[in-house]
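Q: Have a look at the structure that comes next, please.
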Amino acid sequence: MTKPFFISTLIFISFSVYSQSSLPDNFKIGDFVEVYSRDSLKIYFNCTGTIVDKKCASFYRIGKMDTTIVNFAGEFHDFDINGNIYFKASMTNNSIEGYAYYYFKNGKVSEEGNFKNNTRTGKWKYYYPSGETEKLYSYESDEPIVLEAYKKDGTATVINGNGEIHTEFRNYKQCSSFETWGKLVNGKKNGKWTFSNINASLPIASETYQDGVFINGTSNNYIYTENPKIKLSKFYPNENLNLVENSLGCPGESGIFFWEYDGNNLTSSFYPKLQKEVNRNKTKLKNQWIVVGIKIDKSNLIQEINLASSINDTDLENTIYYTIKKMKSWKAALINAKPIDSNIYFSILVDNNQIIIIPDYIHNNR
């Protein structure tokens with residue numbers, strides 16, 4: 001499958017259950033996606049990079065929609081939930097490219113460096129909130145080389161890649177950070193390294209390295225020789241966003257039951273059935289994306305269907321709208337056993353004359 005197409009001259013068409021009318025330039029899908037000025041988006045994400053309601057978001061992104069890909073294009077900005085600038089970078093051809101900045105809440109730069117093909121490259125400089133240099137990394141692969149490191153008072157602890165460092169890291173899709181410390185030789189981990197939860201009284205584990213190569217680790221008297229835990233950099237959700245569909249509820253929130261269709265979850269029922277129905281289309285189609293929003297009320301009824309075609313293909317929009325409208329076997333989402341009004345967001349790709357329901361495609365091609 002080729003990369004998804006997302007044209008910047010996006011024109012949005014809105015349909016209610018009872019009538020059909022054009023949407024204004026500014027509108028929302030639930031409380032997690034906002035479209036405004038015809039070609040700009042504001043989307044809320046949690047600490048793993050998943051689209052969520054504003055109430056449980058960690059940050060939001062504002063930027064222009066890409067002209068050919070379902071993503072942001074050009075310079076974009078991420079803000080923390082209080083509206084403080086958090087991350088500034090540029091997107092080209094579905095990848096973060098060029099110089100980028102992360103920020104502290106006080107507005108000072110926390111780290112800066114270059115991206116190439118969505119990957120950190122070259123030298124990255126990290127700072128304390130005071131503005132003093134904390135460390136200097138060189139990214140030649142996923143694991144950076146440590147060039148320099150300093151205490152808050154400016155005392156150097158690593159010079160020319162040699163010395164000791166005490167720093168933080170966060171593994172993939174983890175929201176909480178760990179702290180780690182150990183010796184460096186030529187910028188690489190060497191000897192015994194320890195890691196722990198931040199401010200914990202006891203370490204979680206220790207690992208041994210030789211010239212950056214993991215030898216073994218020990219945790220609770222258990223010795224492991226594969227899958228080392230310690231990293232030198234963090235997982236950043238800003239660099240790993242999921243733009244396919246939204247999540248209902250907040251991470252760790254209990255008492256939530258998701259939408260059902262025909263007595264089953266959407267992945268097992270609604271998306272496959274919708275895919276089967278749209279496969280009946282025999283007309284020649286142009287490549288495009290259609291963004292879909294469905295509001296299901298607490299009475300198990302569709303209140304609204306929103307569709308956004310990247311090329312303003314109104315015929316296909318109407319086809320999908322009426323296909324969804326006829327699908328009536330919904331069960332509303334529940335919170336603490338009580339049905340609620342809620343919104344579903346997902347995307348459809350038309351590629352090489354095939355209509356592809358993206359969540360269904362991903363589920364079948366894992």
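Q: Could you list all residues from segment 269-280 that are closer than 24 Å to residue 29 by Cβ and either in contact with a strand residue (DSSP E or B) (Cβ under 6 Å, 6 or more places away or on another chain) or at pLDDT below 95 (or both)?
A: 269, 270, 271, 274, 275, 278
Q: Looking only at segment 341-366, which residues are closer than 25 Å to residue 55 by Cβ and surrounded by fewer than 16 Cβ atoms within 10 Å (Cβ to Cβ)?
A: Matches in segment 341-366: 341 only.
Q: Out of curiosity, is residue 113 buried (at least 17 other Cβ atoms within 10 Å of the Cβ) and either over 15 Å from the mean Cα position of the chain (by Cα) or more than 21 Å from residue 173 (Cα to Cα) (or both)?
A: Here the answer is yes, as residue 113 does meet what is asked.
Q: Here is a further query. Select from segment 41-63 the residues that are crowded, with 17+ Cβ neighbours inside 10 Å and in a strand (DSSP E or B) and list them in ascending order.
A: Scanning segment 41-63 gives 41, 43, 44, 45, 50, 51, 59, 60, 61, 63.
Q: While we're looking at this one, here's another question. Is there a residue being hydrophobic (A, V, I, L, M, F, W, C) and within 18 Å of residue 41 (Cβ to Cβ) anywhere in segment 90-99?
A: yes
Q: Search segment 82-110 for residues that are farther than 17 Å from residue 121 by Cα and pair each with any residue that is modelled with pLDDT under 95 and part of a strand (DSSP E or B) when their beta-carbon atoms are under 9 Å apart and the residues are at least 6 apart or on different chains.
A: Listed pairs, sorted by first residue: 93/73.
Q: Looking at segment 65-77 only, could you name the residues that are over 19 Å from residue 345 (Cα atoms) and modelled with pLDDT of 85 or more?
A: Once the filter is applied, which keeps residues that are over 19 Å from residue 345 (Cα atoms) and modelled with pLDDT of 85 or more, segment 65-77 yields 73, 74, 75, 76, 77.
Q: Where in segment 185-280 are there strands (runs of 3 or more DSSP E), lying fully within it, with 1 or more residues that are charged (D, E, K, R) and either touching a helix residue (DSSP H, G or I) at 6+ places or on another chain (Cβ under 7 Å) or closer than 30 Å to residue 97 by Cα (or both)?
A: Fully inside segment 185-280 and qualifying: 188-197, 242-246.
Q: Any residue in segment 316-336 that is under 30 Å from residue 353 (Cβ atoms), among the hydroxyl-bearing types (Ser, Thr, Tyr), in contact (Cβ under 8 Å) with a residue 24 or more places away in the chain and outside any helix (DSSP H, G or I)?
A: yes
Q: Tell me whether segment 317-336 contains one or more residues that are surrounded by 15 or more Cβ atoms within 10 Å (Cβ to Cβ), within 28 Å of the chain's Cα centre (by Cα), β-branched (Val, Ile, Thr) and closer than 18 Å to residue 52 by Cα.
A: Yes.
The values are calculated or read from the model by the stated rules, or taken from the named source; none is laboratory data. Just so it is clear, the model here is predicted, and its values are computed rather than measured. Using ideal geometry, Cβ is built from the backbone for each residue, glycine included, and neighbour counts are taken over all protein chains shown.
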